[in-house]
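Engineer: Sending over a structure as structure tokens; questions will come in a sec.
The values are calculated or read from the model by the stated rules, or taken from the named source; none is laboratory data. Everything numeric here is computed off the predicted structure, so don't read it as measured data. Methodologically, a virtual Cβ is constructed for each residue, glycine included, from the backbone with ideal geometry; neighbour enumeration extends over all protein chains shown.
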Amino acid sequence: MTGIRAEDFIDSIAGALQYISYYHPPDFIHALTAAWEREQSPAARDAMEQILINSRMCAEGYRPVCQDTGIVVVFVRIGMQVRWHTQHDLQTLVDEGVRRAWNNADNPLRASIVADPLGTRRNTGDNTPAVVHVEMVAGDSVHVELSSKGGGSEAKCRFAMLNPSDDVAAWVLEQVPQMGAGWCPPGILGIGVGGTAEKAMVMAKAAATESIDIQQLQARGAATAGERMRLDLYDRVNALGIGAQGLGGLTTVLDIKVREAPCHAANKPVAIVPNCAATRHIGFTLDGSGPATFAAPAADIWPHITRTASAARRVDINTLDKAAMTQFAVGEQLLLSGTLLTARDAAHKRIRDLLAAGEPLPEGVDFNGRFVYYVGPVQAVGDEAVGPAGPTTATRMDDFTDLMLGQAGVIGMIGKAERGEQARAAIAAHGGVYFIAVGGAAFLVSQAIKSARVVAFEDLGMEAIHEFEIVDMPVTVAVDARGKSVHKIGPARWQKELADQQATTR
């Protein structure tokens, strides 16, 4: 009978979570590099270039690839012959591993988990509790597959209870465009088919952590209905032209993963779980001989890319006015310098409540003529001005956009992914603009932030309002002053381009 020490299990969980915070899986780097090399869309190619450079920087600097270091999801397969040397339950052991990973002094991770979700939504401070799935299996070892799932991709999960005769692939193709770019493509789509509602979702989440092997499947051919659907959906999803960051391009997914389970004759449960460009997951096995160890990836897996920004226009946001902003073109690349304020969901709600009550904003918070950046940064270490500080999904702030552009006086916003019709209308009405930074390039983006300080709502933790001084922050014009959106124009153009290319080769 194998004995598993609690400390070995905890250390393995903590070590794995630190490891995946700064190392991408090699299969992801190889697949993304191949996609970058064949990409024809300049905007999508630039986005993938930033993600690859960011990945190498994080691996060398041991800092998170994304500021959203995720919610921890753990799949534990426990052999029936295993004996645990502890008085604690499994959840407690996992949570202690999470706590140690998040409180690592050399690489602290961002606490994003809130308790009392229907009430105070208080941050737990250490990213616990994790979500733990347990399966008892034959054997005398413990196998763990874990991931750290970002909120942007988690928000884009989909589920449906289809009729038995319904076409799963057709439903997936209907859902993917509606998911937008908030899940930070290109990435992986995990699909669960069968079981029950909760079983389908769990299968999809587990599938999204599998290694990328679509090219090998293409080479050998499909042997099952599930493999045929993988190949079919891989081609058809990429033919949608959504592209990296939703900018339009050849590659939206790097792989499609499918898991199946028997289901009731009256049902066909189907779930989609996207895995974003952060792609944090790893597996390890404990056999009683000690904690798991994790070897660094080979240094040569990253392509040698030297980023050049000579084509981008430099913009001083401290002197920018609405008249000048009318000259920005959708899809144009800019390098921003100046002072901006940050705000996310919780801060926006407080701002709205204060303005509705006729009360002033906190001292030091003046949005008039300024840009707001939707971000919740990681804690700084060493001589950093701020830790990794990539954008969060802007769509969540759509309900506040008219208020911020009007009553609060904001002239522009920076985030990631598309804006909804309501927000685009507000941008056009006020003559504002919306820029995107690349989701999944948080450490690279943070290099442009030269100083940072909290100016309001410090109790909100990572959601507090910060003031950033930035120099040459790379962004793309996503919605111009007339309300035109790159997330509408780009994918439509590339969907047509791909359809024309396919028609030509027939």
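Engineer: Determine whether V114 is free of Cβ contacts under 8 Å to residues at least 24 places away in the same chain and over 30 Å from A298 (Cα atoms).
Structural biologist: Values: free of Cβ contacts under 8 Å to residues at least 24 places away in the same chain: yes; over 30 Å from A298 (Cα atoms): yes.
So V114 fits the description; yes.
Engineer: Here is a further query. Please enumerate the residues belonging to region 239-257 that are farther than 23 Å from M203 by Cβ and crowded, with 20+ Cβ neighbours inside 10 Å.
Structural biologist: Looking only at region 239-257, we keep the residues that are farther than 23 Å from M203 by Cβ, and these are 239-251.
Passing the criteria: G241, I242, G243, A244, Q245, G246, L247, G248, G249, L250, T251.
Engineer: Related question: Which condition from (1) of a type in the set (G, A, S); (2) closer than 26 Å to H264 by Cβ; (3) not in a loop (DSSP other than H, G, I, E, B) is the one that S165 breaks?
Structural biologist: Unmet condition: (3).
Engineer: Looking at V172, V134, V114 in this structure, which one is more than 24 Å from Q379 (Cα to Cα) and under 22 Å from the mean Cα position of the chain (by Cα)? Break it down into steps so the answer makes sense when it comes.
Structural biologist: Values: V134 fails: under 22 Å from the mean Cα position of the chain (by Cα); V114 fails: more than 24 Å from Q379 (Cα to Cα).
None of the others qualify; the one that does is V172.
Engineer: Hey, another quick one. With the checklist (1) out of contact with any Gly (no Cβ under 9 Å at 6 or more places or on another chain); (2) within 30 Å of E463 (Cβ to Cβ) in hand, flag the one item A197 doesn't pass.
Structural biologist: (2)
Engineer: Touching a residue at least 40 places away in the same chain (Cβ under 8 Å), assigned to a helix (DSSP H, G or I), of a type outside the set (A, V, I, L, M) and within 19 Å of P177 (Cα to Cα): does that describe R230? So that I can check it myself, show each step before the final result.
Structural biologist: On the way: touching a residue at least 40 places away in the same chain (Cβ under 8 Å): no; assigned to a helix (DSSP H, G or I): yes; of a type outside the set (A, V, I, L, M): yes; within 19 Å of P177 (Cα to Cα): yes.
Here the answer is no, as R230 does not meet what is asked.
Engineer: Considering only residues of region 393-432 that are of a type in the set (K, R) and not in a helix (DSSP H, G or I), which is farthest from P474 (Cα to Cα)?
Structural biologist: Taking region 393-432 first, the residues of a type in the set (K, R) are 396, 416, 419, 424.
Within this subset, residues satisfying the condition of being not in a helix (DSSP H, G or I) are 416, 419.
Numbers: K416: 12, R419: 19 Å.
Taking the candidates together, the pick is R419.
Engineer: What about G70, is it of a type outside the set (S, T, Y) and more than 21 Å from the chain's Cα centre (by Cα)? Before the answer, list the steps.
Structural biologist: On the way: of a type outside the set (S, T, Y): yes; more than 21 Å from the chain's Cα centre (by Cα): no.
No.
Engineer: Evaluate the following for V378: is it outside any helix (DSSP H, G or I), touching a Gly at 6+ places or on another chain (Cβ under 8 Å) and either within 23 Å of I449 (Cβ to Cβ) or in the same structural domain as P108 (by TED's automatic domain parsing) (or both)? Walk me through how you get there before you give the answer.
Structural biologist: Values: outside any helix (DSSP H, G or I): yes; touching a Gly at 6+ places or on another chain (Cβ under 8 Å): yes; either within 23 Å of I449 (Cβ to Cβ) or in the same structural domain as P108 (by TED's automatic domain parsing) (or both): yes.
Yes; evaluated as a whole, the condition is true for this residue.
Engineer: Please find, within region 277-297, the residue that is nearest to F75 (Cα to Cα) out of those that are aliphatic (A, V, I, L, M) and at pLDDT 95 or above. If you could, list the steps in order and put the result at the bottom.
Structural biologist: Restricting attention to region 277-297, the residues satisfying the condition of being aliphatic (A, V, I, L, M) are 277-278, 282, 286, 292, 295-296.
Applying the additional criterion that residues be at pLDDT 95 or above yields 282, 286, 292, 295-296.
Values: I282: 11, L286: 14, A292: 16, A295: 21, A296: 23 Å.
Across region 277-297, the extreme among qualifying residues is I282.
Engineer: Kindly provide the set of residues from region 115-132 that are out of contact with any helix residue (DSSP H, G or I) (no Cβ under 6 Å at 6 or more places or on another chain), assigned to a strand (DSSP E or B) and modelled with pLDDT of 95 or more, ordered by number. First the steps, then the outcome.
Structural biologist: Residues of region 115-132 out of contact with any helix residue (DSSP H, G or I) (no Cβ under 6 Å at 6 or more places or on another chain): 115-122, 124-125, 131.
Now narrow it down to the ones that are assigned to a strand (DSSP E or B): 115, 122, 131.
Once the filter is applied, which keeps residues that are out of contact with any helix residue (DSSP H, G or I) (no Cβ under 6 Å at 6 or more places or on another chain), assigned to a strand (DSSP E or B) and modelled with pLDDT of 95 or more, region 115-132 yields A115, V131.
Engineer: Further question on the same structure: Is there any pair with a first residue in region 81-94 that is part of a strand (DSSP E or B) and a second that is loosely packed, with under 15 Cβ neighbours inside 10 Å whose Cβ atoms are under 7 Å apart and which are 6 or more apart or on different chains, and what are they?
Structural biologist: These pairs meet every condition: R83/M1; R83/G3; H85/G3.
Engineer: How about region 26-71: which of its residues are on the phi > 0 side of the Ramachandran plot and either of a type outside the set (S, T, Y) or part of a helix (DSSP H, G or I) (or both)? Even if it seems obvious, please write down each step before you answer.
Structural biologist: Keep residues of region 26-71 that are on the phi > 0 side of the Ramachandran plot, which gives 62, 70.
The one that is on the phi > 0 side of the Ramachandran plot and either of a type outside the set (S, T, Y) or part of a helix (DSSP H, G or I) (or both): G70.
Engineer: Given the conditions (1) of a type in the set (F, W, Y); (2) in contact with a His (Cβ under 9 Å, 6 or more places away or on another chain); (3) over 27 Å from P117 (Cα atoms), and given that F328 satisfies all but one, which numbered condition is not satisfied?
Structural biologist: Against the list (1) of a type in the set (F, W, Y); (2) in contact with a His (Cβ under 9 Å, 6 or more places away or on another chain); (3) over 27 Å from P117 (Cα atoms), F328 comes up short only on (2).
Engineer: If you don't mind, another one. Of all residues in region 206-217, which are assigned to a helix (DSSP H, G or I) and in contact with a Phe, Trp or Tyr (Cβ under 8 Å, 6 or more places away or on another chain)? Give the steps one after another, and end with the answer.
Structural biologist: Step one: list which residues in region 206-217 are assigned to a helix (DSSP H, G or I), which gives 206-207, 214-217.
A206, I214 - these are the residues of region 206-217 that are assigned to a helix (DSSP H, G or I) and in contact with a Phe, Trp or Tyr (Cβ under 8 Å, 6 or more places away or on another chain).
Engineer: Checking I214 against (1) among the aliphatic types (A, V, I, L, M); (2) under 26 Å from T285 (Cα atoms); (3) surrounded by 23 or more Cβ atoms within 10 Å (Cβ to Cβ); (4) not assigned by TED's automatic domain parsing to the domain that holds T33, which test does it fail?
Structural biologist: (3)
Engineer: Any idea which residue in region 384-416 is farthest from the chain's Cα centre (by Cα), counting only those that are of a type in the set (D, E, K, R) and surrounded by fewer than 24 Cβ atoms within 10 Å (Cβ to Cβ)?
Structural biologist: Just the residues of region 384-416 that are of a type in the set (D, E, K, R), to begin with: 384, 396, 398-399, 402, 416.
In the following step, the residues that additionally are surrounded by fewer than 24 Cβ atoms within 10 Å (Cβ to Cβ) were identified as 384, 396, 398-399, 402.
Values: E384: 23, R396: 14, D398: 19, D399: 21, D402: 26 Å.
Filtering first and then ranking leaves D402.
Engineer: Count, please, the residues in region 234-252 that happen to be assigned to a helix (DSSP H, G or I), over 18 Å from the mean Cα position of the chain (by Cα) and over 10 Å from A35 (Cβ atoms).
Structural biologist: Narrowing region 234-252 to residues assigned to a helix (DSSP H, G or I): 234-238, 244-246.
Subsequent filtering for residues that are over 18 Å from the mean Cα position of the chain (by Cα) retains 234-238.
Within this subset, residues satisfying the condition of being over 10 Å from A35 (Cβ atoms) are 234-237.
The total comes to 4.
Engineer: In addition: Report yes if S451 is in contact with a Pro (Cβ under 8 Å, 6 or more places away or on another chain) and in contact (Cβ under 8 Å) with a residue 24 or more places away in the chain, otherwise no. Break it down into steps so the answer makes sense when it comes.
Structural biologist: On the way: in contact with a Pro (Cβ under 8 Å, 6 or more places away or on another chain): no; in contact (Cβ under 8 Å) with a residue 24 or more places away in the chain: yes.
The answer is no for S451.
Engineer: Give me a count of the residues in region 433-453 that are of a type in the set (G, A, S) and either more than 27 Å from C276 (Cβ to Cβ) or assigned to a helix (DSSP H, G or I) (or both). Let's see the steps before the verdict.
Structural biologist: Step one: list which residues in region 433-453 are of a type in the set (G, A, S), which gives 437, 439-442, 446, 448, 451-452.
If we keep only those that are either more than 27 Å from C276 (Cβ to Cβ) or assigned to a helix (DSSP H, G or I) (or both) as well, we get 442, 446, 451.
Matching residues across region 433-453 total 3.
Condition check ((1) in contact (Cβ under 8 Å) with a residue 24 or more places away in the chain; (2) crowded, with 16+ Cβ neighbours inside 10 Å; (3) in a strand (DSSP E or B)) across all residues:
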position	(1), (2), (3)
A170	no, no, no
V176	yes, yes, no
W183	yes, yes, no
L189	yes, yes, yes
G194	yes, yes, yes
E198	no, no, no
M201	yes, yes, no
A204	yes, yes, no
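Engineer: What do you reckon, is L334 in contact with a strand residue (DSSP E or B) (Cβ under 9 Å, 6 or more places away or on another chain) and outside any loop (DSSP other than H, G, I, E, B)? Walk me through how you get there before you give the answer.
Structural biologist: Numbers: in contact with a strand residue (DSSP E or B) (Cβ under 9 Å, 6 or more places away or on another chain): yes; outside any loop (DSSP other than H, G, I, E, B): yes.
Judged against the criteria, L334 is a match.
Engineer: OK, next. Would you be able to tell me the number of residues in region 469-488 that are more than 19 Å from the chain's Cα centre (by Cα), within 18 Å of L340 (Cα to Cα) and not hydrophobic (A, V, I, L, M, F, W, C)? Steps first, please.
Structural biologist: Pass one, region 469-488, residues more than 19 Å from the chain's Cα centre (by Cα): 469-473, 477, 479-486, 488.
Still in the list and also within 18 Å of L340 (Cα to Cα): 469-473, 477.
Still in the running and not hydrophobic (A, V, I, L, M, F, W, C): 469, 472.
Count: 2.
Engineer: If you check every pair at least six apart or on different chains, which have Cβ atoms under 7 Å apart with a residue in region 242-264 that is assigned by TED's automatic domain parsing to the domain that holds P25 first and a residue that is surrounded by fewer than 24 Cβ atoms within 10 Å (Cβ to Cβ) second?
Structural biologist: none
Engineer: Are there any pairs with C-beta distances below 6 angstrom linking a residue in region 337-356 that is within 15 Å of V455 (Cα to Cα) to a residue that is among the aliphatic types (A, V, I, L, M) and part of a helix (DSSP H, G or I), with the two at least 6 apart or on different chains, and if so which?
Structural biologist: Between residues of region 337-356 that are within 15 Å of V455 (Cα to Cα) and residues that are among the aliphatic types (A, V, I, L, M) and part of a helix (DSSP H, G or I), the close pairs are A346/L460; H348/M397.
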